[in-house]
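Participant: Attaching a single structure in structure tokens format; questions to follow.
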Amino acid sequence: MEDETTEGRNRSRLAILELANMISVPMSLNAIVRLNVPDAIWQGGANTPLSAPQIIAKIFPSGGGDPENLQRILRMLTSYDVFSEHLDTDTTERKYSLTEIGKTLVTDADGLSYASYVLQHHQEALMRAWPLVHEAVVDPKSEPFVKANGEPAYSYYGKKPEMNGLMQKAMSGVSVPFMKAILEGYEGFNGVGRLVDVGGSAGDCLRMILQKNPNIRQGINFDLPEVVAKAPEILGVTHVGGDMFKSIPEGDAVFMKWVLTTWTDDECKLIMRNCWKALPAGGKLIACGPVLPKESDDSHRTRALLEGDIFVMTIYRAKGKHRTEEEFNELGLSAGFPHFRAFHFDYFYTVLEFQK
């Protein structure tokens with residue numbers, strides 16, 4: 001038998017208890033978003049440390065709420081660097097301000113933040129799928145989400161306007177800061193006259209790309225007909241409905257963001273082959289998405305990427321997945337792209353360039 005008094009055994013028991021109780025972290029994050037705590041602390045940029053009773057007074061101006069329970073949530077999330085704790089040693093009063101991580105949850109002038117991404121991940125239909133993760137191992141032909149809800153996630157969202165709206169807001173909240181980052185450093189849109197955005201939704205990313213790259217004379221926002229039907233008018237952009245598994249509009253370059261990660265290898269090859277057909281010689285497919293490191297470690301980046309991979313497996317596609325650079329290169333070669341480059345402007349998402 002192991003000696004349970006050793007440092008190693010003590011650390012091991014502590015670690016497994018932390019992992020077993022890990023659900024407290026995302027659910028508490030979900031709670032402070034629902035309570036609008038980040039905006040209550042931020043107050044237009046003041047970020048003045050506030051006590052739990054002071055925060056309660058801001059989020060419940062008519063009264064109510066339990067400051068003690070809120071403080072318990074704040075303390076736990078402080079240990080994950082979402083908040084900074086300011087402890088008055090004389091009064092033992094605790095006050096909280098936002099860290100850089102916490103600031104990602106603050107609503108900006110356009111009404112966007114990472115808060116919607118948090119809420120989108122923790123909706124009831126998605127939560128029903130998580131106890132069934134093991135089913136992705138037992139039977140990978142059907143996703144845990146399908147087993148829990150009776151149909152695939154995207155079709156389920158399509159029947160739930162509130163879920164679909166939250167999904168789009170979540171994607172905008174995540175994609176806008178990412179797009180700002182890549183547009184500052186990526187020069188791959190130079191020389192492109194006609195750009196096709198596959199899965200462009202409302203056209204937000206295409207608008208940003210065109211504003212930064214006036215050389216692009218025409219933008220094609222390509223998505224499902226029911227999606228582009230709701231897209232707003234954008235100067236220089238034509239909304240086109242269709243199915244990327246059948247064909248993709250022609251362009252000098254094709255752009256896609258977070259598309260390949262939710263499909264199987266065979267489906268990705270079909271999508272990429274259709275991109276190849278839509279491009280002239282020398283044309284580029286510019287794909288943005290999460291890319292796994294070759295080796296596993298305990299860094300925040302690796303954990304975030306691997307956690308996202310399990311999310312895809314559970315919710316969207318049991319055999320859809322995050323891939324390494326090597327795996328993306330192999331997909332590109334199989335689709336006819338002889339040249340591949342990867343650009344890292346963001347810790348989570350990578351720009352993948354496939355040239356015909």
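The values are calculated or read from the model by the stated rules, or taken from the named source; none is laboratory data. All of these numbers come straight from a predicted model, not from anything done at the bench. Glycine gets a Cβ as well: all are built from the backbone with ideal geometry, and neighbour counts include every protein chain shown.
Participant: Can you find even one residue in segment 69-80 that is under 24 Å from residue 113 (Cα atoms) and touching an Asp or Glu at 6+ places or on another chain (Cβ under 6 Å)?
Facilitator: yes
Participant: Related question: For the subset of segment 299-327 comprising residues that are in contact (Cβ under 8 Å) with a residue 40 or more places away in the chain and assigned to a loop (DSSP other than H, G, I, E, B), which member is farthest from residue 140 (Cα to Cα)?
Facilitator: Residue satisfying both the conditions and the ranking: 322.
Participant: In segment 328-344, how many residues are touching a residue at least 24 places away in the same chain (Cβ under 8 Å) and either buried (at least 17 other Cβ atoms within 10 Å of the Cβ) or more than 26 Å from residue 101 (Cα to Cα) (or both)?
Facilitator: Keep residues of segment 328-344 that are touching a residue at least 24 places away in the same chain (Cβ under 8 Å), which gives 328, 331-332, 334-337, 342-343.
Adding the requirement that they be either buried (at least 17 other Cβ atoms within 10 Å of the Cβ) or more than 26 Å from residue 101 (Cα to Cα) (or both) leaves 328, 331-332, 334-337, 342.
Number of matching residues: 8.
Participant: Could I ask something else about it? Do any residues in segment 188-203 that are over 15 Å from residue 248 (Cα atoms) and free of Cβ contacts under 8 Å to residues at least 60 places away in the same chain have Cβ atoms under 8 Å from those of residues that are part of a loop (DSSP other than H, G, I, E, B) and among the basic types (Lys, Arg), where the two are at least six apart or on different chains, and which pairs are they?
Facilitator: As it stands, the answer is 193/217; 202/230, since those pairs meet every condition given.
Participant: Only one of 177, 225 is surrounded by fewer than 20 Cβ atoms within 10 Å (Cβ to Cβ) and not assigned by TED's automatic domain parsing to the domain that holds residue 286. Can you tell me which?
Facilitator: Values: 225 fails: not assigned by TED's automatic domain parsing to the domain that holds residue 286.
Unique residue meeting the criteria: 177.
Participant: If you go through segment 245-265 one residue at a time, do you hit one that is farther than 28 Å from residue 291 by Cβ and acidic (Asp, Glu)?
Facilitator: Looking only at segment 245-265, we keep the residues that are farther than 28 Å from residue 291 by Cβ, and these are none.
No.
Participant: Please identify the pairs in which a residue from segment 45-61 that is farther than 13 Å from residue 71 by Cβ and of a type in the set (Lys, Arg) has its Cβ atom under 8 Å from the Cβ atom of a residue that is crowded, with 19+ Cβ neighbours inside 10 Å and modelled with pLDDT of 95 or more, counting only partners at least 6 apart or on another chain.
Facilitator: As it stands, the answer is 58/50, since those pairs meet every condition given.
Participant: Considering segment 104-120 alone, what residues qualify as being free of Cβ contacts under 8 Å to residues at least 60 places away in the same chain and part of a helix (DSSP H, G or I)?
Facilitator: Once the filter is applied, which keeps residues that are free of Cβ contacts under 8 Å to residues at least 60 places away in the same chain and part of a helix (DSSP H, G or I), segment 104-120 yields 116, 117, 120.
Participant: Which of the residues that make up segment 131-180 are free of Cβ contacts under 8 Å to residues at least 60 places away in the same chain and among the small types (Gly, Ala, Ser)?
Facilitator: 148, 150, 155, 165, 170
Participant: Of everything in segment 250-269, what is touching a Phe, Trp or Tyr at 6+ places or on another chain (Cβ under 8 Å), outside any strand (DSSP E or B) and either surrounded by fewer than 16 Cβ atoms within 10 Å (Cβ to Cβ) or small (Gly, Ala, Ser) (or both)? Give them in sequence order.
Facilitator: none
Participant: Quick check: is even one residue across segment 154-164 assigned to a helix (DSSP H, G or I) and among the polar types (S, T, N, Q)?
Facilitator: Keep residues of segment 154-164 that are assigned to a helix (DSSP H, G or I), which gives 154-158, 161-164.
From what is left, the residues that are among the polar types (S, T, N, Q) are 155, 164.
There is at least one residue in segment 154-164 that is assigned to a helix (DSSP H, G or I) and among the polar types (S, T, N, Q).
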